[in-house]
Structures are given as structure tokens and as C-alpha cells.
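The values are calculated or read from the model by the stated rules, or taken from the named source; none is laboratory data. In this text the structure is predicted, and so the values were computed from the model without any measurement. Positions of Cβ are generated from backbone atoms using ideal geometry, with glycine treated the same way; all protein chains shown enter the neighbour counts. Heads up: the accessible areas ignore ligands, DNA and RNA and are worked out on the full protein's heavy atoms, side chains in. Shrake-Rupley method; radii C 1.70, N 1.55, O 1.52, S 1.80 Å.
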Amino acid sequence: MEPHIIGRADEIQILQRLLQSKQPELLALYGRRRVGKTFLIKTFFDKELVFSCSGQYLGKTNEQLFNFTQQLHHYFPKRKATVPPKSWQEAFIWLQECVDIIDHKKKKVIFFDELPWLDNHKSGFLSSFSYFWNMYASQREDLLIIICGSAASWIIEKVINNKGGLHNRITQRIRLVPFTLKETEQYLSSRNIHMDRYQLLQVYMVMGGIPLYLNSIERGKSAAQNIDQICFSKDGILVGEFNNLYAALFNHPEKHIQVIKSLAKKNKGLTRSELLQTAKLITGGGISVVLNELLESGFIEKVYPYGKQERNAVFRLADEFSLFYLRYMQNRPVGKNQWLSIITTPGYISWGGYAFENICFKHIQQIKRKLQIGGVQSTEYSWIKNGSKDQDGAQIDLLIDRADLTINICEMKFSTNRFTVTKSYANELRQKIMVFKQQTNSRKACLLTFITTYGLVENDYMQQLVDAQITMDALFD
């Protein structure tokens, strides 16, 4: 059975437009490791691909050029070259000569995968590539050149924001993000794996919407059994993934991992100044670069506090697998039934609560549609009021500030059954909303909105306080 693309509707629309374009196109595609970039391009452009080359991790220039030559032989078997080219400049001349002999006039796709690995120290790759584009490819309306890389910040800095030969040359950019819950459900269903949505949610909370991780899910096993096998068995595919993941993306990942570990300990997130203290990083010291690289790669997210300045922005750990690894895999030996024993502990609900919040943040558009405010201009914020001797603190993880003079104050609750609003919790909610209104002087209507797995238990407190509620099913929309 031929592979087919699950989801990716917006990306497919862009790729289709580029394929039909009557002008030369240069596409920059980036996204975190194992998110499915190579699969998307090679599957969609299966018939149009005339050349493809991938960088080799830590490969020297002569090794990269050797690989380039092998690919040239694969796509153009009539070309005979006994030795690889001496430089990237010569390599691109060879590629140009090969493309020139293709006699059809349809769009031709040339794909350079893992570009950051091709452009190693003093290789001359990027300058040679920019010359190839400016002097040859940009003159041919039948060419679509695609450059791709997992190191998102490298692609943005070196290519998209290039100050040299590639300045303003990119005609389209795509940041490929992990599957949504809906796409995850569709992907597993395409493999005849059918789980209920609570089990799908569990899987997503552990490994996110990363296609390669999801490909390890086995039919006929529960979510818990699969997680046990993938994460805790001696041969599990994710057992050694954490260190490999960051090492493959960043040249010196020590600071990146420090930031990730610090954020994993703080569910509410940390400001930049708090990160400097907690992660024991030095101001300047590349921290801005590290944070930007983690943001662009999708490992962390930046949440702006309601009514506050940029310096008060909070960074949160957004990568599901990193959070799971640091909470449960890092110091736990491999063995059978590890996860099955963990899910019976109180800490499971605590971890699940934070993981569920992260999923809600990634599915804001689905939440808005379910609340029937998809067409209303709105912005998402967090809000926190530190406590004092005279007054308790208060925190709201998600506010949806709407242009129709309304704010949805969102409570996100992960539970194995319907969630109960108790008397004490109801009092806490009333206090939270009152403090929020006092501190912000907001005159907007505040709607208390619950996002839960199975909904709320009907009782007096729920009826008195809750203005709207949606369940996990809405996240699969």
C-alpha cells in the first residue's frame, strides 16, 4: 500500500500552489525532529522530485560531497563520475548540468534535507547554494527548490533572515508542527488502531503528535501497555530519545537542556529572570539565543501575562515527551509494568493536569470554535497575583480576552471521571475572579469556562458559577 498524507491540509494547499506556480519557487521548510518533514515532501512530490540530497549528522565536507554524488547517480544514472566534486561550487555545476538534460517542462522539485548538517564549518555550502539559486534556479520557472531542516533557528537565521546572497530570496516558508489530536486519531485509525479518546489523550500527553513516536503504537494493546513498551522496556524506541533529540538539534545543547529541566519543575512556567536564577544561567551568556531556538523548535512556548509588559512573559515547557521523560523516565530503570504502576499514584493526576493544560494551549482554535467565538477577535493570556501576608495569591493559566468586551476565564482539569466543583473549590474560584477584577480594573464580563476530560458533575456550585464547559471531545474537532 502506498503511503498517504494524514492531515496537513494547510501545508498541502501551499505545496499545491507552489507546484502550479509559473515562477521559480524557493521553499524553506522547518520543524522539530521527527515531525514528518521529509515524509511530507517525498510523498507529496513523489512524481515531481528530480533530485534529493540529505545532510549527514556530523559529516565532514568530503563525506557530504560523496553522499551528494551518490544521489546524483541515483537520480541521473547516465552521468558517470568516478570521484566526487572537489567543492560545493563544482557540485552545483554538476547538478545544473543534470537538470538541463531533463526534457519535460513540468515543475521539477529539488530537495535539500537537513540543510544545517550540509553547511558544516568552512564547507562553503551556503554561499555555493545561494549562487546556484541566484544565477540558475531563479531564472527557471519550472523549478521548485526546497530546503529543509530540524534546527528551526538555523533555518531562520542563516536562510530566511540571510543578509547575503539569499536575502529576501525565500518565496514561501512552512513551519511544520506536530499532529493535532484530530490528526493523531486519523493517523492511528489509518493503521487500524482504534482507541477511545481518553486513551488517545493519554498517548498524546506522553509523546505529543510526533508521527515517528506514534508509529510505534501497536494494535491490540491499550494506551498504558503501549506506553510501557515504548518508554520503559529495554528496547523501547523512546528510552534514549531525550539526549539524542537535543544533541541532534543544537551544537551545544547543555544550556537548552538546563532550561527544559528548569521549566519541567514549574507548572506555572518561569519568566526570563526566574529562568536565569533557576537554571543557573548567566545573563547574556547566549540565553536569548537558547530561548529563541527552543521557541522556534516548539519545545517551549511563551505566554504573555494579562496587562503586563514583555519582561513579565512566562515560558512554559510545551514538549510533551520532554516533560514526561523528566517526570517519569529519567531516574527510573527499564522494566515491565512501570507505567501501569505509575498511573495508580497521586502524582499521575498532577502530571496529567499540566500535560492536559499544554494540550489545551495547543488546541486554542478548537476551544474557540466549540465556544462559538471562532470568528471573534481574541488574544490568549495568563494572569498571576503573588500572595502576601494579608492576601492569598491567585493564578489563571488561560484567559481568552475577546473584542466583544468579554473574557473567558478558563479552568483546565484532567480527571479520570467527571470533575466535581466542591464547596471549597467554589470559594477559591470566587476569590480568584474577584481578585482578578480588582487587580486589573477590568470592566469586561468574565465567563468562567471549564475544559475537562469528561465534563462536570451537576451540583449547586457548578450551576451557580460555571458559565460554559467543554470536554476533551472538542479538542479533537
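Kindly indicate the residue of the range 351-374 that is free of Cβ contacts under 8 Å to residues at least 24 places away in the same chain and open to solvent by 60 Å² or more (accessible area, probe 1.4 Å) and also farthest from the chain's Cα centre (by Cα) among those meeting that condition.
The qualifying residue farthest from the chain's Cα centre (by Cα) is GLN372.
Starting from residues that are aromatic (Phe, Trp, Tyr) and touching a strand residue (DSSP E or B) at 6+ places or on another chain (Cβ under 6 Å), keep the ones in the range 293-314 and report whichever is surrounded by the fewest Cβ atoms within 10 Å (Cβ to Cβ).
TYR304
Kindly indicate the residue of the range 64-119 that is free of Cβ contacts under 8 Å to residues at least 12 places away in the same chain and of a type in the set (S, T, N, Q) and also farthest from ASP46 (Cα to Cα) among those meeting that condition.
Looking at the filtered set, the residue picked out is THR82.
Filtering the range 175-199 down to residues that are assigned to a loop (DSSP other than H, G, I, E, B) and of a type in the set (A, V, I, L, M), which residue is surrounded by the fewest Cβ atoms within 10 Å (Cβ to Cβ)?
Step by step, filter the range 175-199, then rank; the result is VAL177.
Sort through THR416, THR379 and tell me the only one that's of a type outside the set (Gly, Ala, Ser), out of contact with any Pro (no Cβ under 6 Å at 6 or more places or on another chain) and within 17 Å of THR449 (Cβ to Cβ).
THR379
Might you let me know whether the range 263-280 holds any residue that is open to solvent by 40 Å² or more (accessible area, probe 1.4 Å), touching a residue at least 12 places away in the same chain (Cβ under 8 Å) and touching a Ser or Thr at 6+ places or on another chain (Cβ under 6 Å)?
Looking through the range 263-280, at least one residue is open to solvent by 40 Å² or more (accessible area, probe 1.4 Å), touching a residue at least 12 places away in the same chain (Cβ under 8 Å) and touching a Ser or Thr at 6+ places or on another chain (Cβ under 6 Å).
What number of residues within the range 13-48 satisfy the criterion of being open to solvent by 20 Å² or more (accessible area, probe 1.4 Å), closer than 30 Å to ASN244 by Cα and not in a loop (DSSP other than H, G, I, E, B)?
Going through the range 13-48 one residue at a time, the tally reaches 5.
Just the residues that are in a strand (DSSP E or B), under 22 Å from GLN463 (Cβ atoms) and touching a residue at least 60 places away in the same chain (Cβ under 8 Å), please, taken from the range 397-434.
ASN408, LYS413, listed by residue number.
Go over the candidates LEU398, LEU317, LEU371, LEU340 one by one and state the one that is within 21 Å of PHE242 (Cβ to Cβ) and not β-branched (Val, Ile, Thr).
LEU317
For residues in the range 84-103 being at pLDDT below 95, out of contact with any Ser or Thr (no Cβ under 8 Å at 6 or more places or on another chain) and more than 18 Å from SER138 (Cα to Cα), which is least open to solvent (accessible area, probe 1.4 Å)?
Within the range 84-103, the match that is least open to solvent (accessible area, probe 1.4 Å) is ASP103.
Considering every residue within the range 437-445, establish whether at least one is at pLDDT 95 or above, open to solvent by less than 30 Å² (accessible area, probe 1.4 Å) and not charged (D, E, K, R).
The answer is no, given that none of the residues of the range 437-445 is at pLDDT 95 or above, open to solvent by less than 30 Å² (accessible area, probe 1.4 Å) and not charged (D, E, K, R).
Only residues in the range 454-477 that are under 16 Å from CYS360 (Cβ atoms) count as the first member; pair them with residues that are among the small types (Gly, Ala, Ser) and modelled with pLDDT of 95 or more, Cβ under 8 angstrom, at least 6 apart or cross-chain, and list the lot.
GLN469/GLY455; THR471/GLY455
Can you run down the residue pairs with Cβ atoms below 7 Å, 6 or more apart or on separate chains, where the first is in the range 32-51 and under 21 Å from PHE179 (Cβ atoms) and the partner is among the small types (Gly, Ala, Ser) and open to solvent by 20 Å² or more (accessible area, probe 1.4 Å)?
Listed by first residue and then by second, the contacts come to ARG32/GLY298.
Looking at ILE110, is it open to solvent by less than 90 Å² (accessible area, probe 1.4 Å), at pLDDT 95 or above and under 17 Å from ASP142 (Cβ atoms)?
Considered against the rule, which asks whether it is open to solvent by less than 90 Å² (accessible area, probe 1.4 Å), at pLDDT 95 or above and under 17 Å from ASP142 (Cβ atoms), ILE110 comes out as yes.
Return the only residue of GLN202, GLN172 being open to solvent by 10 Å² or more (accessible area, probe 1.4 Å), within 22 Å of the chain's Cα centre (by Cα) and within 30 Å of GLY55 (Cα to Cα).
Residue meeting the stated conditions: GLN172.
Could you check the range 375-387 and list, in sequence order, the residues that are surrounded by 13 or more Cβ atoms within 10 Å (Cβ to Cβ) and either free of Cβ contacts under 8 Å to residues at least 12 places away in the same chain or over 25 Å from the mean Cα position of the chain (by Cα) (or both)?
Matches in the range 375-387: VAL376, ILE384, LYS385.
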